[in-house]
Amino acid sequence: MKSGLEDVVAAETVLSDVDGKNGRLIVRGVSLDELVRTSRYEDVLALLFDGFFPLEGSLQAALGRARVEVSGHVARADVELVALPPVDGMRALLARLGDGNDVESALRLVAAPAMFTTALLRRKAGLETVAPDPALGHAADTLRMLTGDMPSEQQASALDRYLVTVSDHGLNASTFASRVIASTQAGLTSSVLAALSALKGPLHGGAPGPVLDMLDAVGSPANAEGWIASELARGERLMGFGHRVYRVRDPRADALKGAVRLLAASGAIDAGRLALAEAVETSALAQLRLKKPDRPLETNVEFYTALLLESLGFPREAFTCVFAMGRVGGWIAHAREQAVDGRLIRPMSVYVGPVPQVAAE
Ligand code: ACO
């Protein structure tokens, strides 16, 4: 029995490879470094979907049409759903989309997290929802639907870089959940719902909100060392550090740190906030090295995600929803890959409970 299925290989995939020793991520043959330099989210989606769905014409146009289609479901974001944490409201709305396996269903599911999250957040703030503009890129339109204003080029490309960076990542917990459901031949919506439910936990995609809580609690760079020391002494985990697979720095952390620095240069991130984050990171890494010399604990993707999404105007309680906007493409491609492979995922357990007493003869 392998606790947490650590090191267990449970699928063959052409989609992505996480090299934890060398800190490298490859998506369909392209390294993350190259992807963030050369591709927009729609390009990565086309790469992920290639061979799993028939794609004709521009994917940006098809995704734009899917946003318009999903906007017909936004009216279902009623008072009850608006009162829930955004990820739970979004999950309830997703559950009402049909459970197909075709390309239209896939594109609706990619469009839906952006549509539902922005609608729920605006309704919560007492604002009218904003209709999608199918001519825009997915990232730019998402920010427009969030704030009601056209984002700057730097803001749109920062969100786009984030969506590209998190689009797929091997057999992480949410992707595995998606594949388990797909292996039963249930539809894509069922896979995405299971994946989203796995993503929301604080050990997976729920960490960046708590990263900001940590920055707020630290308050100033001078407090970083003492605050972190007392958290570690109490046995607390530092959010945004450590990873099951990476034993070196998560390459996605650097991709996002680059985007954060670009935003800071354009004045979109407060320089003091960035300095605080850098002080917390430096001190956390130094103290984690001393505390766990045998278990490398490095910065993970969630640390700079927190700063990036905060500066783009997303409230921290919706960060997991934004993660889902990017990862949904990976979940869907993995679900199709698993469903086509056709084997039901059905592992075994070791029974360690009591056994019925055999009556003595
Ligand atoms: N801060 C302090 N200690 C840590 C941290 C951390 N962030 N992460 C791991 N440790 C310690 C554990 O307490 C454990 O110590 P012990 O052996 O004395 O009990 C040891 O390191 C090994 O930890 P595991 O739980 O075995 O590591 P696992 O591979 O299961 O966990 C995980 C990986 C969940 C990401 C973990 O590092 C963690 O909790 N990090 C904080 C939450 C976080 O940032 N999550 C986002 C991950 S990225 C993503 O999913 C997109």
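Across region 24-42, what is the number of residues that are among the small types (G, A, S) and in contact (Cβ under 8 Å) with a residue 12 or more places away in the chain? I'd like the intermediate steps shown before the answer.
The initial filter retains those residues of region 24-42 that are among the small types (G, A, S), namely 29, 31, 39.
Next, only the ones that are in contact (Cβ under 8 Å) with a residue 12 or more places away in the chain stay: 39.
Here the count works out to 1.
I need every pair where a residue in region 156-172 that is over 22 Å from E6 (Cβ atoms) and part of a helix (DSSP H, G or I) has its Cβ under 9 Å from the Cβ of a residue that is within 12 Å of the ligand (Cβ to nearest atom) and among the β-branched types (V, I, T), sequence separation at least 6 or different chains.
Pairs found: Y162/T305; T165/V301; T165/T305.
Which one is farthest from the chain's Cα centre (by Cα), of the residues in region 249-277 that are assigned to a loop (DSSP other than H, G, I, E, B) and crowded, with 21+ Cβ neighbours inside 10 Å? Write out each step before concluding.
Here is the first cut: in region 249-277, the residues assigned to a loop (DSSP other than H, G, I, E, B) are 249-250, 266-270.
Pick out the ones that are also crowded, with 21+ Cβ neighbours inside 10 Å and you get 250, 269.
Numbers: D250: 14, I269: 21 Å.
Looking at residues that are assigned to a loop (DSSP other than H, G, I, E, B) and crowded, with 21+ Cβ neighbours inside 10 Å, I get I269.
Here are some residues: T305, T282. Which one is among the hydroxyl-bearing types (S, T, Y) and crowded, with 17+ Cβ neighbours inside 10 Å?
Numbers: T282 fails: crowded, with 17+ Cβ neighbours inside 10 Å.
Unique residue meeting the criteria: T305.
For A268, which of the numbered conditions (1) touching a Lys or Arg at 6+ places or on another chain (Cβ under 9 Å); (2) aliphatic (A, V, I, L, M); (3) away from the ligand (no atom under 14 Å from the Cβ) fails to hold?
(1)
Out of region 137-154, which residues are touching a residue at least 40 places away in the same chain (Cβ under 8 Å), surrounded by fewer than 22 Cβ atoms within 10 Å (Cβ to Cβ) and more than 20 Å from L59 (Cα to Cα)?
T147, S152, Q154
Can you tell me which condition R237 does not meet? The list is (1) within 12 Å of the ligand (Cβ to nearest atom); (2) in contact (Cβ under 8 Å) with a residue 60 or more places away in the chain; (3) surrounded by fewer than 17 Cβ atoms within 10 Å (Cβ to Cβ), and all the others hold.
(2) is the only condition that R237 fails.
Looking for whichever is among the aromatic types (F, W, Y), part of a loop (DSSP other than H, G, I, E, B) and farther than 30 Å from S105 by Cβ here; the options are Y246, Y304. Which one fits? Explain how you work it out, then say what you get.
Details: Y304 fails: part of a loop (DSSP other than H, G, I, E, B).
Just one listed residue meets the conditions, Y246.
I'd like the full set of residues that are free of Cβ contacts under 8 Å to residues at least 40 places away in the same chain and more than 16 Å from R179 (Cβ to Cβ), limited to region 7-21.
Those that are free of Cβ contacts under 8 Å to residues at least 40 places away in the same chain and more than 16 Å from R179 (Cβ to Cβ): D7, D19.
In region 155-210, which residues are of a type in the set (G, A, S), away from the ligand (no atom under 13 Å from the Cβ) and surrounded by 24 or more Cβ atoms within 10 Å (Cβ to Cβ)?
Passing the criteria: A158, S178, A182, S191.
Per-residue answers, yes or no, for (1) away from the ligand (no atom under 16 Å from the Cβ); (2) buried (at least 20 other Cβ atoms within 10 Å of the Cβ); (3) closer than 19 Å to R161 by Cα:
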position	(1), (2), (3)
A11	yes, no, no
V14	yes, no, no
G20	no, no, no
I26	yes, no, yes
G51	yes, no, no
L59	yes, yes, yes
R65	yes, no, no
A95	yes, no, no
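Got at least one residue in region 162-170 being farther than 29 Å from D17 by Cβ and of a type outside the set (F, W, Y)?
no
Checking G242 against (1) over 21 Å from the mean Cα position of the chain (by Cα); (2) within 8 Å of the ligand (Cβ to nearest atom); (3) of a type in the set (G, A, S): exactly one of these is not met. Which one?
Condition (1) is where G242 drops out.
Would you confirm whether any residue within region 211-230 is within 27 Å of E6 (Cα to Cα) and either away from the ligand (no atom under 14 Å from the Cβ) or at pLDDT below 95 (or both)?
Filtering region 211-230 for residues within 27 Å of E6 (Cα to Cα) gives 211.
After this cut, where a residue has to be either away from the ligand (no atom under 14 Å from the Cβ) or at pLDDT below 95 (or both) as well, the list is 211.
The answer is yes; a qualifying residue exists.
Starting from residues that are within 10 Å of the ligand (Cβ to nearest atom) and among the hydrophobic types (A, V, I, L, M, F, W, C), keep the ones in region 271-305 and report whichever is nearest to V166 (Cα to Cα). Give the derivation first.
Step one: filter region 271-305 for residues within 10 Å of the ligand (Cβ to nearest atom), giving 284, 287-288, 291-292, 294-303, 305.
Add one more test, that the residue is among the hydrophobic types (A, V, I, L, M, F, W, C), and what stays is 284, 288, 297, 301, 303.
Numbers: A284: 23, L288: 25, L297: 20, V301: 8, F303: 13 Å.
The selected residue is V301.
The values are calculated or read from the model by the stated rules, or taken from the named source; none is laboratory data. Since we're looking at a predicted model, the values are computed, not measured. We place every Cβ from the backbone using ideal geometry, glycine too, and count neighbours over all the protein chains shown.
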